[in-house]
Amino acid sequence: MSPLSRIEQFNQLFPEIQAFRRKQFVEVVFQPTFRSWKDVSVFSKEMREKLDASIPWMSVKESVVKQSAKMDTVKALLEVEGGSMIETVLMQNARGWWTICVSSQVGCAMRCTFCATGKMGLTRNLTADEIVDQYRYWVDYLQMHPELPNRITNVVFMGMGEPMSNYENVRETLRTLLGNTDLGQTRITVSTVGVLPRLETLMNDPLWPHVRLAISLHSADAKTRKEIVPTSYDDFIPKLVDWSQRYLEKFGNRRHHLTFEYVMLKGINDTAHHAKMLASMIHKIGNIRVNLIPYNFTGGEFSTSTSKTVHDFFQYLESSGITVTRRRTMGEDIDAACGQLYASTNQ
Ligand code: SAH
């Protein structure tokens, strides 16, 4: 049985309480200056004491924090119920504010061959409180570090786990963040390996908030994709094309596009053939952005494409009329770059 959520615990503790108190309970945890129930002055002393004795203020506990030499990336290892560790990262973004990267599961079942989390296997889904509390953890961290800029403007679901395999809790997290912070839908990106049944669900789900979606394509050639993304299958590409067309028809506009993520693996998915396959796939769809990601070493046989190869790949796509971006690599010195989030207590 899944543990009771924070609000369910509250309802159990105060079964007769007025509705506005329930609303306050959800809101107060986002107040940056509050650090425990004891600080919540809108509640009576008796209520604060009862809360303090019964409901943890945070569902995640700081274990290890590492800062990059440049102080533009901070990684935290957080302990969750059951003793497992998850990772979350704070990264300075182009505007000088912060993007946080959150985990949605402890480990991951997708086994992508180039990804460190893939090697761990799946332990369990995170609850919505545990995902939300990664955001709250960073709000508190920034509060404790007044020398740093103090606004989190973006959230990406690119930490440990496959968000679409934890659909209900991710949806709940999105709704909570959108409802209680200044984050808007275009400031949140959910990254998925492309679990098509779940992508189908969200398209017709009135409760799913239409945040940005990024799909980890990594190759438009079915054979290559199956080699590096073992959950892929022969007709994944045409099915993704079909889904993307319908998704963009329904929700696409100038501000709402889809992103295909593409990790550049030397000699594997970075040839002229692969660039051509990718361009032709995207031409069938329309408003797709490609994000080329430098491969971060995780052990094993892969290496990142040479800068000339990346340049050529980029140029080919751009000259075919496709919007392409290149991701900066951050936090490599603290193993916080993509795919390096491998929780172990001795890191
Ligand atoms: N399960 C989600 C989130 C994964 S992490 C997904 O598959 O999208 C976010 C991105 O980092 C994904 O595109 C993932 O493929 C990529 N990634 C994983 N390992 C990487 C590595 N070693 N180097 C660069 N990118 C990596």
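The values are calculated or read from the model by the stated rules, or taken from the named source; none is laboratory data. Quick caveat, the model's predicted, so the values are computed rather than measured. Backbone-built Cβ (ideal geometry, glycine too); neighbour counts: all protein chains shown. Note: accessible area is taken over every heavy atom of the protein model, side chains too, but ligands, DNA and RNA are not part of it. Shrake-Rupley method; radii C 1.70, N 1.55, O 1.52, S 1.80 Å.
For segment 207-219, enumerate the residues that are in a loop (DSSP other than H, G, I, E, B) and within 16 Å of the ligand (Cβ to nearest atom). Steps first, please.
First, pick out the residues of segment 207-219 that are in a loop (DSSP other than H, G, I, E, B): 207-211, 217-219.
Matches in segment 207-219: VAL211, LEU217, HIS218, SER219.
Looking only at segment 89-109, which residues are within 16 Å of the ligand (Cβ to nearest atom) and open to solvent by 30 Å² or more (accessible area, probe 1.4 Å)?
Selection gives MET91, ALA109.
Looking at the structure I just gave you, is MET91 assigned to a strand (DSSP E or B) and either within 30 Å of SER232 (Cα to Cα) or within 15 Å of the chain's Cα centre (by Cα) (or both)?
Details: assigned to a strand (DSSP E or B): yes; either within 30 Å of SER232 (Cα to Cα) or within 15 Å of the chain's Cα centre (by Cα) (or both): yes.
Yes: the conditions hold for MET91.
For segment 120-142, indicate whether the set of residues that are over 24 Å from VAL28 (Cβ atoms), within 10 Å of the ligand (Cβ to nearest atom) and surrounded by fewer than 20 Cβ atoms within 10 Å (Cβ to Cβ) is non-empty.
Residues of segment 120-142 that are over 24 Å from VAL28 (Cβ atoms), as a first pass: 120-125.
With within 10 Å of the ligand (Cβ to nearest atom) added as a condition, the list becomes none.
Among the residues of segment 120-142, not one is over 24 Å from VAL28 (Cβ atoms), within 10 Å of the ligand (Cβ to nearest atom) and surrounded by fewer than 20 Cβ atoms within 10 Å (Cβ to Cβ), which makes the answer no.
Residues that are among the aromatic types (Phe, Trp, Tyr), at least 2 per element: which helices (runs of 4 or more DSSP H) completely within segment 1-60 meet that?
Passing ranges, in order: 19-28.
Every residue in segment 220-274 that is outside any helix (DSSP H, G or I) and aliphatic (A, V, I, L, M), please. Write out each step before concluding.
Here is the first cut: in segment 220-274, the ones outside any helix (DSSP H, G or I) are 220-221, 229-235, 252-271.
Hits for segment 220-274 are ALA220, VAL229, LEU258, VAL263, MET264, LEU265, ILE268.
Looking at THR224, THR189, THR173, THR201 in this structure, which one is at pLDDT 95 or above, more than 27 Å from LYS119 (Cβ to Cβ) and not small (Gly, Ala, Ser)? Spell out the reasoning first.
Values: THR224 fails: more than 27 Å from LYS119 (Cβ to Cβ); THR189 fails: more than 27 Å from LYS119 (Cβ to Cβ); THR173 fails: more than 27 Å from LYS119 (Cβ to Cβ).
Being at pLDDT 95 or above, more than 27 Å from LYS119 (Cβ to Cβ) and not small (Gly, Ala, Ser) holds for just one of THR224, THR189, THR173, THR201, which is THR201.
Kindly check whether there is at least one residue in segment 181-199 that is touching a helix residue (DSSP H, G or I) at 6+ places or on another chain (Cβ under 7 Å) and over 24 Å from GLY159 (Cβ atoms).
Taking every residue of segment 181-199 in turn, none turns out to be touching a helix residue (DSSP H, G or I) at 6+ places or on another chain (Cβ under 7 Å) and over 24 Å from GLY159 (Cβ atoms).
From the list ALA214, ALA222, pick out the single residue that is in the same structural domain as GLU301 (by TED's automatic domain parsing), touching a residue at least 60 places away in the same chain (Cβ under 8 Å) and in contact with an Asp or Glu (Cβ under 9 Å, 6 or more places away or on another chain). Can you show your working first?
Working: ALA222 fails: touching a residue at least 60 places away in the same chain (Cβ under 8 Å).
When all the criteria are applied, what remains is ALA214.
Return the pairs, sorted by first residue and then second, in which the second residue is among the polar types (S, T, N, Q) and away from the ligand (no atom under 12 Å from the Cβ), the first residue lies in segment 295-322 and is under 23 Å from ILE282 (Cα atoms) and open to solvent by 60 Å² or more (accessible area, probe 1.4 Å), the beta carbons are less than 7 Å apart, and the residues are 6+ apart or on different chains.
Pairs that qualify, where the first residue is under 23 Å from ILE282 (Cα atoms) and open to solvent by 60 Å² or more (accessible area, probe 1.4 Å) and the partner is among the polar types (S, T, N, Q) and away from the ligand (no atom under 12 Å from the Cβ): there are none.
Inspect all residues belonging to segment 310-321 and state whether any of them is modelled with pLDDT under 95, aromatic (Phe, Trp, Tyr) and farther than 30 Å from TRP208 by Cα. Walk me through it before giving the result.
So in segment 310-321, the residues modelled with pLDDT under 95 come out as none.
Among the residues of segment 310-321, not one is modelled with pLDDT under 95, aromatic (Phe, Trp, Tyr) and farther than 30 Å from TRP208 by Cα, which makes the answer no.
Please work out which one of (1) away from the ligand (no atom under 16 Å from the Cβ); (2) in contact with a helix residue (DSSP H, G or I) (Cβ under 9 Å, 6 or more places away or on another chain) is the condition GLY252 fails and give its number.
It fails just one condition, (2).
Would you confirm, using the coordinates I've provided, whether THR345 is modelled with pLDDT under 95, under 17 Å from HIS218 (Cα atoms) and part of a loop (DSSP other than H, G, I, E, B)? Spell out the reasoning first.
Details: modelled with pLDDT under 95: yes; under 17 Å from HIS218 (Cα atoms): no; part of a loop (DSSP other than H, G, I, E, B): yes.
Against the criterion (modelled with pLDDT under 95, under 17 Å from HIS218 (Cα atoms) and part of a loop (DSSP other than H, G, I, E, B)), THR345 does not qualify.
Out of contact with any Phe, Trp or Tyr (no Cβ under 7 Å at 6 or more places or on another chain) and assigned by TED's automatic domain parsing to the domain that holds VAL324: does that describe SER191? If you could, list the steps in order and put the result at the bottom.
Numbers: out of contact with any Phe, Trp or Tyr (no Cβ under 7 Å at 6 or more places or on another chain): no; assigned by TED's automatic domain parsing to the domain that holds VAL324: yes.
For SER191, the condition - out of contact with any Phe, Trp or Tyr (no Cβ under 7 Å at 6 or more places or on another chain) and assigned by TED's automatic domain parsing to the domain that holds VAL324 - is not met.
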